[in-house]
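Undergrad: Quick one: the structure is below, and I'll ask about it shortly.
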Amino acid sequence: MTRIALFSDIHANFEAFSACEQHALQEKAELFAFLGDHVGYGPDPERILDRLIKYRDEGHIVLLGNHDEACLTGPQQMSHHARDAILWTIPRLQNYHFEFISSLPFTYELPPLLLTHASAHEPEGWHYLNNEEEIKLSFKEAEQPIVIAGHVHHQMLYFEDGEKNIQSFIPTPGQVIPLSTRRRWAATIGSLGQPRDGNSASQYALFDNEQNTLTFHRVPYDIDRTIYKIYHRGLPPTLAERLSKGQ
Amino acid sequence: MDVLEPGTHVDRFIIKELLYSAGGAYLYEVETKEITTPLIMKIPKLGPSQPVFGLVSFEMECSILPVLKGPHVPRFIAANPLAIQPYVVMEKVIGEPLINWVKPLGLPLTKLQTIGTAIANAAHSLHRQDTIHLDIKPDNLIIKADNEVVFIDFGFAHHSLLPDLFSDNPRQAVGSTPYIAPEQIEHIRLDPRSDQFAIGVTLYQLATGELPFGIPVTLKELRQRHWLRPTPIRHLRPDLPEWFQEIVFTCLEPLAEKRFASTALLARAFSDPDSIIITERGKRSRPDSLWVRLIKGFRPAIEVSPVPQYSPSEQVSNVPLIAVLIDLEEHQPERIKALRYAVLRAMERHPDSHLSALNIIEVPLEGAQESGAAERHHKHRILLEHWLRQLHIPKERCSAHIIETTDMAQKTIDFAKNNFVDVIIVLANQESSGSFLRVNRSTVTRLVEEAPCSVHVVRPAN
């Protein structure tokens, strides 16, 4: 196995999922890792979960995210848009969907990677991996040199310099980046279904396990179709507006 | 770590001999079944006694070398930075290290001009690939038989699309102290003009046999280049012209914005010294007195240019070299006007751009001594310079070139390639054109298809 497609924060966006899946297969991805938040915000939670169950049964990796967990425990401590979307999602799911979600792990070790939805430090606490303190805590917790996470809906690469300080780097889509395992790295790979950097194109990343390289990608998809579904299936219209603006 | 014996296998490579052992790495000549050309393997020295810098610069080289292309970098073959014995393999560049050319009495002007042009062109090729070498010095340059320069050792380089492992190193300036630019000392690694400063130091050394700022050891000594003016080259080499000193001292300006806007413009200056305006920099012939140095050094001004906001390739593309093909036989006012407007619009968009006006004369046989050829050349030059003057572009931003050839398109393509031209502006052919000298349809078609840059074909609106 050489190439791993790293998908996170699909948020029930089937059009974004299909476009990224096709892109990753063209890039010769052989293994898929879904890093959580498969549902919430978007209009296709059943369809996405059905696809992920199939992927999991074929040996691919599927992790738990906080929006998935909220389908089991209820949307406590969520913003009102997120809460409304979860309350809209729950009645649409079948028992086997809930069973699938409750079986998902928080993290997965795939040397040299540690895959997680949020910080590797207290993954069940859903801490955002976007600041020096949290990245250092993640490095302390993770036994693998490279931590790959989602949750923050931005693509960013962090690394430890010679002074053990954390440096950040904004990746350019399509640029192959070698990650030497002689130092610690953390990457947030962005969101397939709801990017929040002002660009609505889907975000995902591809890790080459043989060359130890990471490539961030941006993939355009049929966003109008997703927006149409959000309006017509009774989700809050604000979610459609955010999607089109990449917020 | 022990030196590897000849015959030792490292993955698919076999060690032939140790070529070099210094600094933080061993260099071996190696061979492998699949590749017949000579190869070099670099193996970093590991261990507690080795500086951390060595391994970090090895990581940088393993990241950057695979993404670089072109004749000015060694071809990347393989790397295994994670092995117990990490290595990188690249083609062995056949040529002479520039350090062999450093002589106590300096090199003759023609050699300096050739080398200066070659290094500047090579640096521009790197900058266009979003890479800044940041360690240019005679040890890291190899001159090939065709006078092309190849850079080696990308351990301190910066590539704007890859994480910079030296990005925040407040304790130590990264680079070779006699050569690094003032802004590098202040930890700025994003300015391609830093390479120009190192080229200036290198050329000063090749011209005089001396280093303009010596070999500093302390940070205080290192920072002297912010305010210390080096001994004028012409004080040490009175035989060298003012334009050469003007070029080198422009490269050595402490503030990056006072250097050439790109190394392509530096190369152009070497290839057309007549266009250089000589300032006090070029005329200086005596070193600053001890008194002046004491005053300047008492409260030294440490001023640094702002950190560039754009990648190296974006920065150099803002300084385009524009070539315009001019047919002096063209008399239709609307066509002349359309061409002038196109040139002026291109120049206005980029305040640091440079215009090369080319008048290409087709001759039946290249190099033949025709009667009246010199007179024709002179007449064309006067007309071409008049054409340029009408644009009101400052003299230092434009140059006129008369080229006689049997193949107009090929000569223009060669000019564009050799001078890193970014855009060629040419008038579209006219249906009724019958003039022998006119740029004909096949020339325009060939330029569009084969030029190594954009081609702007101008056609006046009806």
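The values are calculated or read from the model by the stated rules, or taken from the named source; none is laboratory data. All of these numbers come straight from a predicted model, not from anything done at the bench. Neighbour counts run over all protein chains shown; Cβ positions are idealised from the backbone, glycine included.
Undergrad: Could you list, in sequence order, all residues of the range A:190-204 that are crowded, with 24+ Cβ neighbours inside 10 Å and out of contact with any Gly (no Cβ under 6 Å at 6 or more places or on another chain)?
TA: Once the filter is applied, which keeps residues that are crowded, with 24+ Cβ neighbours inside 10 Å and out of contact with any Gly (no Cβ under 6 Å at 6 or more places or on another chain), the range A:190-204 yields A:G190, A:S191, A:L192, A:Q194, A:S202, A:Y204.
Undergrad: Okay, moving on. In this structure, does A:Q76 turn out to be over 22 Å from A:S244 (Cβ atoms) and free of Cβ contacts under 8 Å to residues at least 12 places away in the same chain?
TA: yes
Undergrad: Within the range A:1-31, can you find the residues that are in contact with a His (Cβ under 7 Å, 6 or more places away or on another chain) and surrounded by fewer than 24 Cβ atoms within 10 Å (Cβ to Cβ)?
TA: A:H23, A:L31
Undergrad: Related question: Tell me which of these A:L243 doesn't satisfy, since it passes every other one: (1) surrounded by 20 or more Cβ atoms within 10 Å (Cβ to Cβ); (2) within 14 Å of chain B (Cβ to nearest Cβ).
TA: In the conditions (1) surrounded by 20 or more Cβ atoms within 10 Å (Cβ to Cβ); (2) within 14 Å of chain B (Cβ to nearest Cβ), A:L243 misses (2) alone.
Undergrad: Suppose the filter is surrounded by fewer than 18 Cβ atoms within 10 Å (Cβ to Cβ) and among the charged types (D, E, K, R); does A:E69 pass it?
TA: Taking the combined requirement at face value, the residue does not satisfy it.
Undergrad: Still on this structure, please answer the following. May I ask you to list the residues in the range A:214-229 that are closer than 30 Å to A:W185 by Cα and among the polar types (S, T, N, Q)?
TA: If the condition is that a residue be closer than 30 Å to A:W185 by Cα and among the polar types (S, T, N, Q), then A:T215 is the only one that fits.
Undergrad: Based on this model, can you work out whether B:Q196 counts as more than 23 Å from B:F420 (Cα to Cα), more than 14 Å from chain A (Cβ to nearest Cβ) and at pLDDT 95 or above?
TA: No; evaluated as a whole, the condition is false for this residue.
Undergrad: Collect the residues in the range B:28-79 that are among the aromatic types (F, W, Y) and within 14 Å of chain A (Cβ to nearest Cβ), keeping them in residue-number order.
TA: Of everything in the range B:28-79, those that are among the aromatic types (F, W, Y) and within 14 Å of chain A (Cβ to nearest Cβ) turn out to be B:F53, B:F58, B:F76.
Undergrad: When you scan the range A:24-70, how many residues do you find that are of a type outside the set (A, V, I, L, M), closer than 14 Å to A:D9 by Cβ and in contact with a strand residue (DSSP E or B) (Cβ under 6 Å, 6 or more places away or on another chain)?
TA: Here the count works out to 1.
Undergrad: Right, something else. Of the residues that make up the range B:80-96, is at least one touching a residue at least 12 places away in the same chain (Cβ under 8 Å), among the aromatic types (F, W, Y), within 14 Å of chain A (Cβ to nearest Cβ) and closer than 15 Å to B:P44 by Cα?
TA: yes
Undergrad: Which residues, counting only those in the range B:79-94, are part of a strand (DSSP E or B), surrounded by fewer than 17 Cβ atoms within 10 Å (Cβ to Cβ) and more than 26 Å from the chain's Cα centre (by Cα)?
TA: Hit for the range B:79-94 is B:N80, nothing else.
Undergrad: Please verify whether the range B:270-283 includes one or more residues that are in contact (Cβ under 8 Å) with a residue 40 or more places away in the chain, assigned to a loop (DSSP other than H, G, I, E, B), outside the structural domain of B:T412 (by TED's automatic domain parsing) and touching a strand residue (DSSP E or B) at 6+ places or on another chain (Cβ under 9 Å).
TA: Taking every residue of the range B:270-283 in turn, at least one turns out to be in contact (Cβ under 8 Å) with a residue 40 or more places away in the chain, assigned to a loop (DSSP other than H, G, I, E, B), outside the structural domain of B:T412 (by TED's automatic domain parsing) and touching a strand residue (DSSP E or B) at 6+ places or on another chain (Cβ under 9 Å).
Undergrad: Only residues that are under 13 Å from the mean Cα position of the chain (by Cα) and either within 21 Å of A:P111 (Cα to Cα) or part of a helix (DSSP H, G or I) (or both): list them for the range A:126-146, please.
TA: The answer is A:L129, and nothing else.
Undergrad: Kindly indicate which of B:L134, B:L126 is away from chain A (no Cβ under 14 Å), more than 12 Å from the chain's Cα centre (by Cα) and at pLDDT 95 or above.
TA: B:L134
Undergrad: Look through the range A:209-235, keep the residues that are within 14 Å of chain B (Cβ to nearest Cβ) and over 23 Å from A:I135 (Cβ atoms), and return whichever of them is surrounded by the most Cβ atoms within 10 Å (Cβ to Cβ).
TA: Restricting to residues being within 14 Å of chain B (Cβ to nearest Cβ) and over 23 Å from A:I135 (Cβ atoms), the top hit is A:Q211.
Undergrad: Only one residue in B:T110, B:T114 is over 17 Å from the mean Cα position of the chain (by Cα), part of a helix (DSSP H, G or I) and in the same structural domain as B:F270 (by TED's automatic domain parsing). Which one?
TA: That would be B:T110, the only listed residue that is over 17 Å from the mean Cα position of the chain (by Cα), part of a helix (DSSP H, G or I) and in the same structural domain as B:F270 (by TED's automatic domain parsing).
Undergrad: Right, here's the next one. Of a type in the set (A, V, I, L, M) and closer than 24 Å to A:H232 by Cβ: which single residue out of A:I101, A:I90, A:I53, A:I61 fits that description?
TA: After applying the criteria, what remains is A:I90.
Undergrad: Suppose the filter is away from every other protein chain (no Cβ under 14 Å), aromatic (F, W, Y) and surrounded by fewer than 23 Cβ atoms within 10 Å (Cβ to Cβ); does B:F244 pass it?
TA: no
Undergrad: Among the residues of the range A:147-168, write down those that are at the interface with chain B (Cβ under 7 Å from one of its Cβ atoms), farther than 14 Å from A:L129 by Cα and not small (G, A, S).
TA: Within the range A:147-168, A:D161, A:N165 meet the criteria.
Undergrad: Could you pull out every one of the helices (runs of 4 or more DSSP H) wholly within the range A:1-106 that has 1 or more residues that are closer than 30 Å to A:N209 by Cα and within 17 Å of the chain's Cα centre (by Cα)?
TA: Helices (runs of 4 or more DSSP H) meeting the threshold: A:14-26, A:45-57, A:66-73, A:95-102.
Undergrad: Shifting gears a bit: In the list B:P108, B:P86, which residue meets the criterion of being at pLDDT below 95 and over 18 Å from B:A269 (Cβ atoms)?
TA: The conditions single out B:P86.
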